[in-house]
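These notes are about the structure you will find just below.
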Amino acid sequence: MTTLLISDLHLHPGAPEVTEGFLHWLQTRACGCDALYILGDFFEAWIGDDLLDLAGQDPSGNADLALRVARALRRLADDGSELYLMHGNRDFLLGERFAEAAGATLLPDPSVVMLGGQRILLMHGDSLCTLDAEYQAFRAQARNPLWQAQVLSMPLAQRIGLAKQLREQSGEANSNKAEDIMDVTPEEVVRVMDEHAVATLIHGHTHRPAVHDLSIDGQAATRLVLGDWQPDQGWEIVLEEGQAPRLEHFALGG
């Protein structure tokens, strides 16, 4: 059995190379996998599942992108792969309708799953960055169902404007933050892994792909961090029965 995990593609119309690379990846490297987990920030922004109704009518290109990606994922699911989606800090409004169109299941953050005979904790990773108090306050707001319902009730043009505003504010805020504030807090990693009684954690968000060896209560543990996708390169974790997870990078389209 082969399970693949990816995150932080940040798909949007302004980066067609990443979209085309991802679609090629689905047809090649992902073809025939038993399961695919997408651990957040799949899209650069998501303003509501009603985008799926607007293909051909949305001048921004987001609707056409959403429908094309959903159909590509559905083809993988129809071929027998199990698909799972987790919310990130960019696409926290992804809903059941998109998941159904893609043939996927929405996965809570965090989730403990059995993969390759191992208990593994899956997260997007943003909740681990506890030193960034400003971001954690926004995260709590963005995950509030009442706030989400209010946003989704806005007219489409207003939601597009809000998404643009939030991206700009995030970029400005991050440019003034120390590097360690935007990375995970080591003590929080240990706490969360201990709380869920796991020896392996997989997440994205930080755009710092690496494999970290840890010790949890005197026992060996591992934290694997997925990288973000660029026009020329993607990242994945491959997990096969009885083997340790492998972090791999590859040329998009290659």
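The values are calculated or read from the model by the stated rules, or taken from the named source; none is laboratory data. The structure presented is a predicted model; accordingly, all values stated were derived computationally and were not measured. Using ideal geometry, Cβ is built from the backbone for each residue, glycine included, and neighbour counts are taken over all protein chains shown. We work out accessible area using only protein heavy atoms, side chains counted, and drop any ligands, DNA or RNA first. Shrake-Rupley method; radii C 1.70, N 1.55, O 1.52, S 1.80 Å.
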Residues of the stretch 136-147 satisfying the condition of being part of a helix (DSSP H, G or I) and either open to solvent by 40 Å² or more (accessible area, probe 1.4 Å) or in contact with a Ser or Thr (Cβ under 8 Å, 6 or more places away or on another chain) (or both) = Gln136, Ala137, Phe138, Arg139, Ala140, Gln141, Pro145, Leu146, Trp147
Take the stretch 188-224 and flag every residue that is in contact with a Gly (Cβ under 7 Å, 6 or more places away or on another chain) and not hydroxyl-bearing (Ser, Thr, Tyr).
-> His203, Gly204, His205, His207, Pro209
Here are some conditions: (1) of a type in the set (Gly, Ala, Ser); (2) in contact with a strand residue (DSSP E or B) (Cβ under 7 Å, 6 or more places away or on another chain); (3) not in a helix (DSSP H, G or I). Ala45 meets all but one. Which one does it not meet?
-> (2)
Residues of the stretch 1-18 that turn out to be assigned to a helix (DSSP H, G or I) and open to solvent by less than 10 Å² (accessible area, probe 1.4 Å), as a count | 1
Just give me the residues in the stretch 32-56 being within 17 Å of the chain's Cα centre (by Cα), open to solvent by less than 10 Å² (accessible area, probe 1.4 Å), within 18 Å of Arg90 (Cβ to Cβ) and among the aliphatic types (A, V, I, L, M), in sequence order.
-> Ile38, Leu39
